[in-house]
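These notes concern the structure reproduced below.
Values in this text are rule-based calculations from the coordinates and carry no lab data. All figures in this text were calculated on a predicted structure; none of them were measured in a lab. Glycine gets a Cβ as well: all are built from the backbone with ideal geometry, and neighbour counts include every protein chain shown.
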Amino acid sequence: MIANKGVIFIEYAIIRSGYNLTMPIRLLSTEVASQIAAGEVVERPASVVKELVENALDAGAHSISVTVAEAGRSLIEVADDGCGIPSKELPLAVSRHATSKLASADDLFSITTLGFRGEALASIGSVSRLTLTSRIAGESSGTRILVEGGQNGKVTPAGASPGTVVRVEDLFYNVPARKKFLKSDLTERRVIDTFLSRYALAYPGVRFKLTEDGKQRLGTAGDDDRRAVLASLYGVEVAKAMLEVLAEDDGLKLSGFISPTSLTRSNRREMTFFINGRWIQDIPLNAALTQAYRTLLMVGRYPLTAIFLEVEPAAVDVNVHPAKAEVRFREQDRVFGFVQRAVRRALLAYAPVHSLPSRGLWGHSPDGSQSASLDWSMAADLDNRPVVSPDGPQASTPAPRLTNVPLLRLIGQVGTTYLVAEGPDGLYLIDQHAAHERVLFEKLMQQYERRNIPAQTLLEPASLTLSPAQAALLDGQLEWLHSFGFQVEPFGPNTYQVRAMPTLFTGSDAAAALRALVEDFEEDETPLQEELQARIAARVCKRLAVKAGQPLSMEEQRTLLTDLENCDSPRTCPHGRPTMVHLSVDMLERQFGRKGAR
Ligand code: ADP
Ligand code: MG
């Protein structure tokens, strides 16, 4: 033991002083230095797409076509019809700190281009095999240069149409450590898709096309119609519903689209902000947006926005982040207030503001009409359970079976959210959503285990359009969804049709449920196939269970109660929350001072 300690101690001493003894200070080779620098700019395939697309936009392209294979691991190609690069400048273009966009440090405060660091092509070239082919207007043919792991090849003539094509192959082939940090193809593709969708929105005058593994994912017309781009990203319905915002105030200009309060998502992913044509992800301005919506949205719901802010270049510092994903404003508070007011004003002007709490709880809109549609039908359940009699569950429940809840006498529904029932030992309040989740979950799991999930073809297939990123996610889940009785098929770009769904869920809004499921996938990127079946079933049931605020007929309430009594674990929903609260006779007596008083 003592000897061992000694050994450890000696090794430790060598490590501590080792860097001086064995490695004198020296300059890094250009190759290593550029790989390190590349790390700041090129983090993943999407960063390559971003840099190349930004270059194309800076070159004044009207048409940008992005081709990706294996989520960008094996190929990323960006072709544009921009101004092109003169052949004698090709080697410079791929050199570090070589740019045509900036001459002096002062220019940093009047930047109107997306690029300016002169680093992207050099960085990408140092971690991949890059081919740059370009032809300027007026020349009859193009030229080409190859860069492999940072080594520039010779400039050679090449056939090309006017513009530039950058082909990036085998990204990170020489930096295996980077490669290991890449996420699943699904995730990497999603980041690319999201990025390109954002730029398509920001530059409606440019024709964008994205092809992934031979499949076209995105295509815009480039006819300056931003609402049309919205439609190709989110579907016509969403595009129609979006509200247009326009505001100006002393050097600040805001334009774009925001969703009405009735159109929300479960995460912040569709909140997009552009500042001077640059997509900025990490900004306090998102808080200004959220504030504008405050009290108008339910907790945990977020708007869809595509906001374009223009400020004088001098009022904003874009050079604070290597990938330029952050900016700093000279007058942060003023910009914040401007954005918040502009959005709030637009919201209030367009949308009559519903009072959410009463709507959510009672299922009525303020004018008294029924707004929560009763999309939950128990018809299918009733077919499976012909013995249910209107007199109450007790009468029809077959031979008493072992359950964790006693037989209950239904009293009614309160707040269109809870069922009230009486049992031998007191009062029960049952959360209708949690209870229904439990019931659906156990039924679905039973059917799944028997490998027999009865499905019903929809009379009219429900269709929905997703963002390209969501579509890419859903594509990977189709097969699995099928095994659970959902027949979902691609139906045009980023559009899907639900043709059949499990009988268990008959009457539910299939498209809404599918959209909700996709949002779940976005939240939790574990591929479904790798999850426990039970967890997946729980997700599905959560989405399709009756909601709080949904009025239920007496018949439906009774069936729910009977079904719950028949569950194996009736006291919790599949996510572990309680389905019921029990107020025991004993507790009631104490509360009313009957106990002890006697
Ligand atoms: P930056 O964009 O910061 O200037 P890059 O390394 O991305 O640096 O590009 C270097 C230079 O190559 C640019 O300044 C530009 O002159 C030229 N260039 C790059 N891509 C294109 C393109 N698609 N079309 C025309 N010129 C380009
Ligand atoms: Mg650039």
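How big is the C-alpha Rg of segment 144-221 next to the rule-of-thumb value 2.2 N^0.38 Å, as a ratio? It would help to have the intermediate numbers written out before the result.
Values: Rg = 15.9 Å, N = 78, 2.2 N^0.38 = 11.5 Å.
Taking N as the residue count of segment 144-221, the ratio is 1.38.
Taking a quarter of the surface of the Cα convex hull of segment 440-519, what do you get in nm²? Walk me through the numbers before you get to the answer.
Details: hull surface 19.8 nm².
Computing the convex hull of the Cα atoms and averaging its projections yields 4.9 nm².
Modelled label-to-label distance, Met554 and Glu523, 7 Å Cα→beta-carbon offset: nm?
About 3.7 nm, to one decimal.
In the structure shown, do any of Lys50/Lys179; Lys88/Lys215; Lys183/Lys240; Lys547/Lys595; Lys101/Lys180 have a Cα-Cα gap over 26 Å, and if so which?
Working: Lys50/Lys179 18 Å; Lys88/Lys215 36 Å; Lys183/Lys240 35 Å; Lys547/Lys595 38 Å; Lys101/Lys180 34 Å.
Pairs exceeding the cut-off: Lys88/Lys215; Lys183/Lys240; Lys547/Lys595; Lys101/Lys180.
Report the gain in length on full extension from Asp106 to Thr572: 0.36 nm times residue separation, minus Cα-Cα distance, nm rounded to one decimal. Intermediate values should be presented prior to the final figure.
Details: separation 466, 0.36 × 466 = 167.76 nm, distance 6.41 nm.
So the chain would gain 161.4 nm between Asp106 and Thr572.
Can you give me the long-range amide H partners of Leu75? Hydrogens built in the peptide plane at 1.01 Å from N, cutoff under 5 Å, separation of 5 or more residues or another chain.
Amide H to amide H, under 5 Å and 5 or more residues apart or across chains, Leu75 pairs with Ala69, Asp170.
Rg and Dmax of segment 469-598 over Cα atoms: what are they, in angstrom?
Answer for segment 469-598, Rg first and Dmax second: 20.1, 74 Å.
Working out 0.36 nm times the residue gap between Asp249 and Leu459, then minus their Cα-Cα distance, what length gain in nm do you get to one decimal? Before the final figure, lay out the partial values.
Details: separation 210, 0.36 × 210 = 75.60 nm, distance 5.26 nm.
Gain in length upon complete extension: 70.3 nm.
Semi-axes of the equivalent ellipsoid of segment 46-124: what are they in whole Å, largest first, if each equals the square root of 5 times a C-alpha gyration tensor eigenvalue?
Details: eigenvalues 100, 38, 34 Å².
That gives 22, 14, 13 Å for the three semi-axes.
Enumerate the amide H contacts of Ser128 below 5 Å, restricted to partners 5 or more residues apart or on another chain; note that Pro and chain-start residues carry no placed amide H.
Gly149, Gly150, Phe172
Based on the alpha carbons, how large is the Rg to Rh ratio for segment 98-236 when Rh follows Kirkwood? Working shown, then result.
Numbers: Rg = 17.8 Å, Rh = 17.8 Å.
Rg divided by Rh gives 1.00.
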